[in-house]
Structure formats: structure tokens, C-alpha cells
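Asker: Here's a structure for you.
The values are calculated or read from the model by the stated rules, or taken from the named source; none is laboratory data. Bear in mind the structure is a predicted one, so any value in this text is a computation, not a measurement. Ideal geometry is used to build each Cβ from the backbone, glycine not excepted, and the neighbour counts take in all protein chains shown. Areas reflect the complete protein model, heavy atoms only, side chains present, ligands, DNA and RNA absent. Shrake-Rupley method; radii C 1.70, N 1.55, O 1.52, S 1.80 Å.
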Amino acid sequence: MAEYDFDVLIIGSGPGGYVAAIRAAQLGLKTGCVEARETLGGTCLNVGCIPSKTLLNASELFYEAASGALAKHGVKLGSVELDLPTMMADKDKAVKGLTGGIEFLFKKNKIEWVKGLGTFVDAHTVQVGERTVTAKNIVIATGSSVTPLPGVTVDQKVVVDSTGAIALEKVPANMVVIGGGVIGLELGSVWQRLGAKVTVVEYLDQLLPGMDGEVRKEAAKIFKKQGMEIKLSTKVTGVAVNGDKASVTVEPAAGGAAETLEADVVLVAIGRRPNTEGLGLDKIGLATNQRGQIETDHSFRTAVDGVWAIGDVIPGPMLAHKAEDEGIAVAENIAGLTGIVNHAVIPSVVYTHPEIAGVGLTEEQAREKGEVKVGKFPMAGNSRAKAIDDTTGWVKVIADAKTDRVLGAWIITAPAGTMIAQVAQAMEFGATSEDIAYTCHAHPTHSEAIKEAAMGVLGKPIHI
């Protein structure tokens, strides 16, 4: 019987990778994790979820103070000044604390951090720098990176991607965001609150691809009201940089007259792609699909025995929490247990203000499958939202017309990202709208709007 350096070797320390490593170690498996960054945590902790949410929160606090929005609550301020270096330092502090926390957990669980880039030699061997390591099981968890826009060079000064957009040294007077998805809208919101004039260019006819149709339309209204310029059904045909400025040439997606947008910063945010290049997959006979993803079975096994894959490199939404759940599941499957992820119940969140969240099917998807009932409740009727004078948005619950089983929910309101967890858990247990409607909710809370929307499905709304 072959002896290996590790029972499990994880390639990548992002949310899926580090969680898989920790769970494998907890199950008594000798575990290693390959990571080339100076810090653990992958894109999410280093240059993605965590730093962007820190800036979203800080920029919202600044906007509330500087815009005079607090005056209506009896909080009057004098001159408000932006200290961008301090704001960035606060972001870096959050990143350092969390990445350091992962390193601590690795040490606590006796997980070896194998530093460097990993490349397959064979199905049980990985070359990391000058070191060759072997493992009985290898998990590919290398995450994703920014999708480039053909013909456009990212210099991280004038033309930036999401990594550059969280590290700008000054607030641009004008920012053009290419892409109306989650990343573009979140980072565009940060710089708009801090004083930039933001223009979002989206090729499709609505923002936020993949989300519920009503959400997409409502989002455009909300962001326009906040001051963003939204150009839908518009394609970018060129970006020219001249010194510290850029000219972005756009035209209607269907063809037509071109126009030029001037910008101090151009943010390219058209999506992400799996990190599979450089892994040496050809060495083990593992091919990717047309999207560059690695196909797996429900247990996250690839077509090669002993090689597994999770997270952004496999099909499904590129979300940190999806990767984490898959990390736990793959470790348990390797250990001989049963690890399962219900991919039909994975919530998604846009961390703008208000937040936008959804889980399950969109109304359009649900109607394609059969007859549905829909309940919708405006936050203007929610006592907590009224009390704090933040009533933008609504909650929508979608249920099967015959069984009343909840098929999906979509929420627009300040704490939507937290609220959606209730519906996700209910769906995991196969709940009906009646189950939600007759669950007692604390008063006054935003979550009462979920109860009211569920009652709307039943035709029994109270506060509308």
C-alpha cells in the first residue's frame, strides 16, 4: 500500500479550501493546504468579500454623515471630512484579522500550509515550487479570477478590476463601471457615496443577471434615484487611456450611434472565470467543460480517482458560502461519511443599500415549471422600517399553487442579506408559505415582512 505525505491535500485556501482543510483535520485526516499568497483566505478574505464589505459599510456611514441624512433623526453635524487613508487602513485591518484567524485555525488543527503554486505531476502528486508532495486525496479549490474584457488592459490605476477598485488612492470625479452585476454595483456604490459620479454600462436590458425580474427592474430604479447613471442594452467597444484619464466608447447593444464617456477610473466588472490554468490537469487526464469548469458528481468527485473539486472551479454560482458548504461536504465524503449540498437552496446577496437577496427560483423560473402563487409585501408597511424611515423595497415569496411549498423568495431592504437565511432554512425543510405565515415573528422587526409576504401567498395579508 502506497504511503502518502497527506491523507488530503487541498489546492487553494479560499472559503471552500480552508473550510475543507479544517473539516478534514477535524475528522482525523492528515491534511495539507497549498497556497501561494502571503496570507490565507483566497480572493474572498484578501481582495473580495471582506474588504469590499468593509468599504461598503464605511462609505455608507460617511454618506449618512456628509449628506445630512442624519438630521431628520435629530443628529446634526458640522463639517464632515473624508479621510480615505484611514478608511483603507480600517479595511486592511479587517483583512489582516481574518486572514490571520485562518492561519491560527490551521495551526490549531495541525494543518500544514504548503506555500507556493501547485501543479499536478500525477493524480496523487503535486509539485509546489521545489517540493513534491503526495496525497491519497487531492481537492481542487483554486477559486476564480476576474474575467478580462478583450482589448482592454487593466493597469490598476486608471483601468481597474475589483482588486484595484478597493485600493484607489483618491476618489475619482467620474467612474465608469463596465458590468451591471453584483461586483460592479457594490463597488460603484462605494465610490458614489464617497463623491464619484458613477455610470454603469450593462450589455443586457436589465441589471443583476440571473436575479428575479422584478428585482432587476426595481434595482435600476433605486440606483438611478441614488444618482447612478445606468446605461442598459449598451456595449463597450473600446477603452482608451490618456495619462490619468480614460475614454470609454459605447454604443447600443443592438447597434447604433456611438458615444464616448470620460472617466478618471474605469472598473471592469463583467464576471469571473475558474482558476484552472496552470494546474496541469492534462497531466492527470482531466478536461474542463466549455466554461473552463471541472465537472464532478454529487459527492464532488472528478472523473479522476482520488481527485475532487469544489467552489468556483465547478458548475454553479460563484459564491463563498456555496464553496464553504462544499468544503465541509467533500471532507466528509473523503472520510467515508455523507456530505451533501442542496444546490437548489443557495442564497445570493447584493450588499448595496438597500441590500438585495434571493434564494431558490425566480418568479419567471417558477412559472415555467408550473402554476404558482406569489405574495408580496412592501417595506413601507413594515413597522420597523417605518420607525427608522428606511422603507425602500419589498419581500416576495413564491410558492407552488397546489402544494404551497415555497419555491423561492426575493427581498429588497437594508438587512435583506440576513433576512434571506430564514427562507433558505424553511426551504431546506420543505416548508410551505403557511408554515412561514404562522410562525410567530418578533415585533417590530424587518423579518415580519417575510411573514406578511407569506400571508399574501395565502390571500390573508394583514398590513396591506
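Asker: Kindly check whether there is at least one residue in the stretch 110-127 that is under 30 Å from Asn57 (Cα atoms) and among the β-branched types (Val, Ile, Thr).
Answerer: Taking every residue of the stretch 110-127 in turn, none turns out to be under 30 Å from Asn57 (Cα atoms) and among the β-branched types (Val, Ile, Thr).
Asker: Output yes when any residue across the stretch 42-64 is over 16 Å from the mean Cα position of the chain (by Cα), part of a loop (DSSP other than H, G, I, E, B) and not small (Gly, Ala, Ser), and no when none is.
Answerer: no
Asker: Quick one: which residue in Leu185, Leu194 is of a type in the set (A, V, I, L, M), open to solvent by less than 40 Å² (accessible area, probe 1.4 Å) and under 14 Å from Val350 (Cβ atoms)?
Answerer: Leu185
Asker: Of the conditions (1) more than 24 Å from Lys396 (Cβ to Cβ); (2) without any contact (Cβ under 8 Å) to a residue 12 or more places away in the chain, Val201 fails just one. Which one is it?
Answerer: Here Val201 clears every test but (2).
Asker: Looking at Ala421, Ala442, Ala409, can you tell me which residue is among the aliphatic types (A, V, I, L, M), part of a loop (DSSP other than H, G, I, E, B) and at pLDDT 95 or above?
Answerer: It is Ala442.
Asker: Looking at the structure I just gave you, is Glu214 charged (D, E, K, R), at pLDDT 95 or above, in a helix (DSSP H, G or I) and open to solvent by less than 40 Å² (accessible area, probe 1.4 Å)?
Answerer: no
Asker: Right, here's the next one. What are the pairs with Cβ atoms under 9 angstrom where one residue, in the stretch 87-114, is at positive phi and the other, located anywhere, is charged (D, E, K, R)? Sequence gap at least six, or different chains.
Answerer: Correct list of pairs: Lys110/Lys30.
Asker: Could you list, in sequence order, the residues of the stretch 65-90 that are in a helix (DSSP H, G or I) and small (Gly, Ala, Ser)?
Answerer: Those that are in a helix (DSSP H, G or I) and small (Gly, Ala, Ser): Ala65, Ala66, Ala69, Ala71, Ala89.
Asker: Within the set of pairs 6 or more residues apart or between chains, which connect a residue that is more than 10 Å from Val159 (Cβ to Cβ) inside the stretch 234-249 to a residue that is surrounded by fewer than 16 Cβ atoms within 10 Å (Cβ to Cβ) and modelled with pLDDT under 95 with Cβ atoms less than 8 Å apart?
Answerer: Matching pairs, first to second residue: Gly238/Gly151.
Asker: Next question. Looking at the stretch 236-322, what strands (runs of 3 or more DSSP E) fall wholly within it and have at least 2 residues that are closer than 30 Å to Leu9 by Cβ, at pLDDT 95 or above and open to solvent by less than 30 Å² (accessible area, probe 1.4 Å)?
Answerer: Where strands (runs of 3 or more DSSP E) fall fully within the stretch 236-322 and carry at least 2 residues being closer than 30 Å to Leu9 by Cβ, at pLDDT 95 or above and open to solvent by less than 30 Å² (accessible area, probe 1.4 Å), they are 307-309.
Asker: Looking only at the stretch 22-58, filter to residues that are open to solvent by 40 Å² or more (accessible area, probe 1.4 Å) and of a type in the set (Val, Ile, Thr); which one of those is farthest from Thr125 (Cα to Cα)?
Answerer: The extreme case among them is Ile50.
Asker: Can you say whether Ile340 is β-branched (Val, Ile, Thr), closer than 21 Å to Leu61 by Cβ and open to solvent by 60 Å² or more (accessible area, probe 1.4 Å), as far as the supplied structure shows?
Answerer: It is false that Ile340 is β-branched (Val, Ile, Thr), closer than 21 Å to Leu61 by Cβ and open to solvent by 60 Å² or more (accessible area, probe 1.4 Å).
Asker: For the stretch 1-23, give me each residue that is farther than 15 Å from Cys44 by Cα, part of a loop (DSSP other than H, G, I, E, B) and not acidic (Asp, Glu).
Answerer: Met1, Ala2, Tyr4
Asker: Against the condition modelled with pLDDT under 95, closer than 21 Å to Val171 by Cβ and surrounded by fewer than 16 Cβ atoms within 10 Å (Cβ to Cβ), how does Ala69 come out, does it pass?
Answerer: yes
Asker: Any residue that is modelled with pLDDT of 95 or more, under 25 Å from the mean Cα position of the chain (by Cα) and surrounded by fewer than 22 Cβ atoms within 10 Å (Cβ to Cβ) - is there at least one of those in the stretch 381-390?
Answerer: Within the stretch 381-390, one or more residues are modelled with pLDDT of 95 or more, under 25 Å from the mean Cα position of the chain (by Cα) and surrounded by fewer than 22 Cβ atoms within 10 Å (Cβ to Cβ).
Asker: Turning to a different aspect of this structure: When you go through Thr134, Thr119 one by one, which is the residue that is open to solvent by 20 Å² or more (accessible area, probe 1.4 Å), closer than 17 Å to Gly12 by Cα and touching a helix residue (DSSP H, G or I) at 6+ places or on another chain (Cβ under 9 Å)?
Answerer: Testing whether each residue is open to solvent by 20 Å² or more (accessible area, probe 1.4 Å), closer than 17 Å to Gly12 by Cα and touching a helix residue (DSSP H, G or I) at 6+ places or on another chain (Cβ under 9 Å) leaves just Thr119.
Asker: Residue check, Glu332 against (1) touching a residue at least 60 places away in the same chain (Cβ under 8 Å); (2) open to solvent by less than 20 Å² (accessible area, probe 1.4 Å); (3) under 27 Å from Gln26 (Cα atoms), all met but one. Which one?
Answerer: (2)
Asker: Let me ask something else about it. State which residue is nearest to Val248 (Cα to Cα) when the search covers only the stretch 142-160 and only residues that are open to solvent by 10 Å² or more (accessible area, probe 1.4 Å) and touching a helix residue (DSSP H, G or I) at 6+ places or on another chain (Cβ under 9 Å).
Answerer: Filtering the stretch 142-160 for residues that are open to solvent by 10 Å² or more (accessible area, probe 1.4 Å) and touching a helix residue (DSSP H, G or I) at 6+ places or on another chain (Cβ under 9 Å), the one nearest to Val248 (Cα to Cα) comes out as Val154.
Asker: Could you please find all residues in the stretch 343-380 being of a type in the set (Ser, Thr, Tyr) and either open to solvent by 20 Å² or more (accessible area, probe 1.4 Å) or under 26 Å from Leu458 (Cα atoms) (or both)?
Answerer: Matches in the stretch 343-380: Ser348, Tyr351, Thr362.
Asker: Could you list, in sequence order, the residues of the stretch 93-107 that are more than 17 Å from Gly17 (Cβ to Cβ) and open to solvent by 80 Å² or more (accessible area, probe 1.4 Å)?
Answerer: Passing the criteria: Lys93, Lys96.
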